[in-house]
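Undergrad: Here you go, one structure.
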Amino acid sequence: MINYKEFFQAEVLKAVHELGFAAEDALISQSNRPDLSDYQSNIALPLAKKNGLVPRELASKLAEKLSANDGLYTVSVDGPGFINFSLTNRMLEDNSEPFSFKPSGRTIVIDYGGPNIAKALHVGHLRAAVIGESMKRIMRESGDKVIGDVHFGDWGTPIGMLISQLQNDGLDASKTMTIAEISDLYKRAAASFKESDDFKEQARVATSELQAGNEEYRKIWQMFHDVSIADIKKIYDALDVDFDLWLGESDVNDILPTMFAELTAKGMAVESDGAVIIPLPPIKGRERAPFILRKTDGAYTYAATDLATIIQRMKDFNPDAILYVVDARQKEHFEQVFEVARTAGYVPENVSLEHLGFGTVNGADGKPFKTRDGGVMSLMDLLVLAENKAKEALPEPSADISKEELDLQAAQIAFGGIKYQDLKNNRISDYIFDTENFTKSEGKTGAYVQYAIVRINSILAKAKENGFAIAPKVEISHTLEREIMLTLERYPEVIIRAYETREPSEISEYAHILSQKFSSFYAELSVLGEQDEKVRASRLKIAELTRDTLHKSLWLLGISAPDKMLRKE
Ligand code: ARG
């Protein structure tokens with residue numbers, strides 16, 4: 001499969017050069033009149049202006065040059081000078097084998113997830129996991145080498161709070177606690193922290209002692225760390241989210257002192273009232289608060305560990321880009337970390353540092369999503385809620401389907417639904433979590449696309465039972481076939497757009513449109529019932545190509561498709 005946008009780009013530029021003009025971009029886009037053409041080039045307008053010509057005349061001259069290729073596409077000119085292209089059926093038929101990207105040679109580190117140990121994951125952590133996992137897959141699909149890192153929050157004040165609370169409660173520090181006990185401890189610690197200044201002080205001292213290497217504290221930390229991570233991994237497993245690196249803030253503790261020494265030697269970091277800060281130059285005359293590396297109590301900041309992690313990642317992977325899939329509200333934090341990393345010379349110009357911010361998940365009231373009794377919705381609770389919702393629509397186990405199969409199906413529909421609901425929105429927009437419709441197989445849902453796949457699989461299975469052949473190549477005999485082929489062959493363009501804009505929503509939208517096109521194709525044309533063997537074989541091939549492309553698209557969103565989707569009668 002070739003990428004049509006790139007193909008027309010090259011065609012038009014060649015014609016431009018043949019006419020003796022220079023241009024770098026042929027301004028190719030999908031046609032805004034799909035009833036008339038498939039792609040268009042708007043190059044004639046700026047090019048005519050630059051050369052003092054009439055756009056429409058220039059467009060016609062270009063069209064004349066381009067019409068030499070009329071076996072592949074036809075050309076026409078309209079409006080003030082738009083050049084329109086329609087792909088011929090032959091071109092669409094020839095260009096339908098699956099697309100694969102070549103290795104890009106790029107290395108990307110992507111930081112997503114970011115859960116804090118000793119605290120249950122909440123709905124806010126859903127977006128980082130879901131968007132990050134999808135972005136990672138999109139980049140891998142595009143040929144990049146991608147390293148995903150969970151970057152646990154495991155080195156800040158909350159740990160000092162837990163240690164202090166454990167001591168104050170007189171609990172045995174050598175005993176391994178359960179995750180439930182740890183989260184209760186955390187709740188008590190948070191309450192003490194809020195109420196008492198003495199506790200605050202105690203927690204701060206404990207944090208900085210832990211960071212300075214207190215062995216007893218390190219042991220307690222290890223226990224909190226291991227128990228929490230085992231629990232957090234369960235959620236990521238359920239969501240089919242996986243990381244190459246399971247590192248956290250604590251993993252850069254050893255490089256912090258060297259980093260401080262370097263930054264001080266460079267004259268960037270200075271002491272101020274017992275804290276270590278980097279003053280930031282004013283922007284447009286507006287003074288800015290300093291970048292704090294170490295607080296007066298001696299504890300390192302979130303900013304310091306993020307900066308040190310950049311040093312570590314540059315050293316370990318020498319990446320072309322480091323991406324952070326983190327709540328949009330941390331925009332300023334990342335701007336400052338990036339600014340300091342550049343000024344300090346840790347990251348050269350050609351390496352990009354990007355914060356891929358995302359909006360919040362809200363409840364029906366437009367406020368952050370809560371449980372029925374008003375508490376913060378834990379991610380685990382949300383997953384259980386989703387599975388129960390998916391089960392409501394499923395039949396009882398029977399001779400046709402076992403309980404295990406039904407449970408798997410419920411999980412695939414539920415988690416597919418949660419992810420699709422998230423990924424159908426632009427990253428940056430907030431969205432309202434719809435607890436009612438997200439597992440339904442109609443509307444813009446994961447189940448709608450999953451269902452399209454299941455349906456095609458059953459068509460293909462029936463074809464096989466009947467001994468019907470699948471054509472090696474499609475032959476277009478109807479406009480609905482043409483439409484679906486054109487949509488299928490836009491796959492590489494969609495991936496590139498998703499890659500460039502860092503928007504998995506491009507893919508969820510595409511999967512929905514492709515499913516819809518298949519649905520009209522299947523409703524209007526006979527496939528299994530088609531008498532003409534050649535036409536039937538070609539339609540089965542279209543079905544197969546559609547299934548594979550939908551499968552791949554869902555996979556890029558981190559969603560798997562069930563083998564069957566039985567519904568309650
Ligand atoms: N643990 C942080 C939080 O819950 C998110 C970490 C995001 N990643 C990063 N490198 N700062 O807010």
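Undergrad: Looking only at the range 163-204, filter to residues that are among the aromatic types (Phe, Trp, Tyr) and either in a loop (DSSP other than H, G, I, E, B) or at pLDDT 95 or above (or both); which one of those is farthest from the ligand (Cβ to nearest atom)?
TA: Per the stated criteria, the residue is PHE199.
Undergrad: Tell me the residue from ILE559, ILE513, ILE496 that is surrounded by fewer than 16 Cβ atoms within 10 Å (Cβ to Cβ) and at pLDDT 95 or above, please.
TA: Answer to the check: ILE513.
Undergrad: Also: Need pairs with beta-carbon distance below 7 Å; first residue more than 30 Å from THR178 (Cβ to Cβ) and assigned to a strand (DSSP E or B) and within the range 101-121, second within 15 Å of the ligand (Cβ to nearest atom) and among the small types (Gly, Ala, Ser); sequence gap 6+ or separate chains.
TA: Every condition considered, the pairs that remain are ILE108/ALA321; ILE110/GLY132; ILE110/GLY148.
Undergrad: Here is a follow-up. Among the residues of the range 130-139, is there at least one that is among the acidic types (Asp, Glu), more than 12 Å from the ligand (Cβ to nearest atom) and crowded, with 24+ Cβ neighbours inside 10 Å?
TA: Yes, the conditions are met somewhere in the range 130-139.
Undergrad: Another one. Taking the criterion of being among the aliphatic types (A, V, I, L, M) and outside any helix (DSSP H, G or I), would at least one residue in the range 126-148 satisfy it?
TA: yes
Undergrad: For ILE147, indicate whether it is within 16 Å of the ligand (Cβ to nearest atom), surrounded by fewer than 20 Cβ atoms within 10 Å (Cβ to Cβ), of a type outside the set (D, E, K, R) and farther than 30 Å from ALA206 by Cα.
TA: yes
Undergrad: Can you tell which of GLY124, GLY160, GLY114 is of a type outside the set (D, E, K, R), within 16 Å of the ligand (Cβ to nearest atom), under 28 Å from GLY417 (Cα atoms) and crowded, with 22+ Cβ neighbours inside 10 Å?
TA: When all the criteria are applied, what remains is GLY114.
Undergrad: Scan the range 265-306 for residues that are more than 16 Å from the ligand (Cβ to nearest atom) and among the charged types (D, E, K, R) and jot them down.
TA: LYS266, GLU271, ASP273, LYS284, ARG286, GLU287, ARG288, ARG294, LYS295, ASP297
Listed here are the residues, each with its yes/no results for (1) free of Cβ contacts under 8 Å to residues at least 60 places away in the same chain; (2) touching a Leu at 6+ places or on another chain (Cβ under 6 Å).
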| site | (1), (2) |
| --- | --- |
| ILE453 | no, yes |
| LEU460 | no, no |
| GLY467 | yes, no |
| TYR491 | no, no |
| ALA498 | no, no |
| LEU557 | no, yes |
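Undergrad: When the range 375-399 is examined, which residues are found to be assigned to a loop (DSSP other than H, G, I, E, B) and either surrounded by fewer than 19 Cβ atoms within 10 Å (Cβ to Cβ) or more than 25 Å from the chain's Cα centre (by Cα) (or both)?
TA: GLY375, ALA393, LEU394, PRO395, GLU396, PRO397, SER398, ALA399 - these are the residues of the range 375-399 that are assigned to a loop (DSSP other than H, G, I, E, B) and either surrounded by fewer than 19 Cβ atoms within 10 Å (Cβ to Cβ) or more than 25 Å from the chain's Cα centre (by Cα) (or both).
Undergrad: Applying the selection to the range 348-369, what residues are at pLDDT 95 or above, of a type in the set (A, V, I, L, M) and more than 14 Å from the ligand (Cβ to nearest atom)?
TA: VAL351, the sole residue that qualifies.
Undergrad: Tell me which residues, restricted to the range 63-112, are hydrophobic (A, V, I, L, M, F, W, C) and out of contact with any Ser or Thr (no Cβ under 8 Å at 6 or more places or on another chain).
TA: Hits for the range 63-112 are LEU66, ALA68, LEU87, MET91, LEU92, PHE99, ILE108, VAL109, ILE110.
Undergrad: Is there a residue being in contact with an Asp or Glu (Cβ under 7 Å, 6 or more places away or on another chain), crowded, with 18+ Cβ neighbours inside 10 Å and either on the phi > 0 side of the Ramachandran plot or outside any helix (DSSP H, G or I) (or both) anywhere in the range 475-490?
TA: There is at least one residue in the range 475-490 that is in contact with an Asp or Glu (Cβ under 7 Å, 6 or more places away or on another chain), crowded, with 18+ Cβ neighbours inside 10 Å and either on the phi > 0 side of the Ramachandran plot or outside any helix (DSSP H, G or I) (or both).
Undergrad: Of the conditions (1) modelled with pLDDT of 90 or more; (2) within 16 Å of the ligand (Cβ to nearest atom); (3) within 24 Å of the chain's Cα centre (by Cα), GLU339 clears all except one; give me its number.
TA: The number of the failed condition is (3).
Undergrad: Going residue by residue through the range 89-100, is there one that turns out to be touching a Gly at 6+ places or on another chain (Cβ under 8 Å), within 16 Å of the ligand (Cβ to nearest atom) and not aliphatic (A, V, I, L, M)?
TA: no
Undergrad: Now for a separate question. Please go through the range 32-56 and pick out each residue that is buried (at least 21 other Cβ atoms within 10 Å of the Cβ) and farther than 17 Å from TYR4 by Cα.
TA: Passing the criteria: ALA44, LEU47.
Undergrad: Would you say SER104 is over 30 Å from TYR431 (Cα atoms), more than 16 Å from the ligand (Cβ to nearest atom) and either at pLDDT 95 or above or not aliphatic (A, V, I, L, M) (or both)?
TA: It is true that SER104 is over 30 Å from TYR431 (Cα atoms), more than 16 Å from the ligand (Cβ to nearest atom) and either at pLDDT 95 or above or not aliphatic (A, V, I, L, M) (or both).
Undergrad: Tally up the residues in the range 239-278 that are crowded, with 16+ Cβ neighbours inside 10 Å and small (Gly, Ala, Ser), please.
TA: Total meeting the criteria: 4.
The values are calculated or read from the model by the stated rules, or taken from the named source; none is laboratory data. Worth saying up front: this structure is predicted, and the values here are computed from it rather than measured. Backbone-built Cβ (ideal geometry, glycine too); neighbour counts: all protein chains shown.
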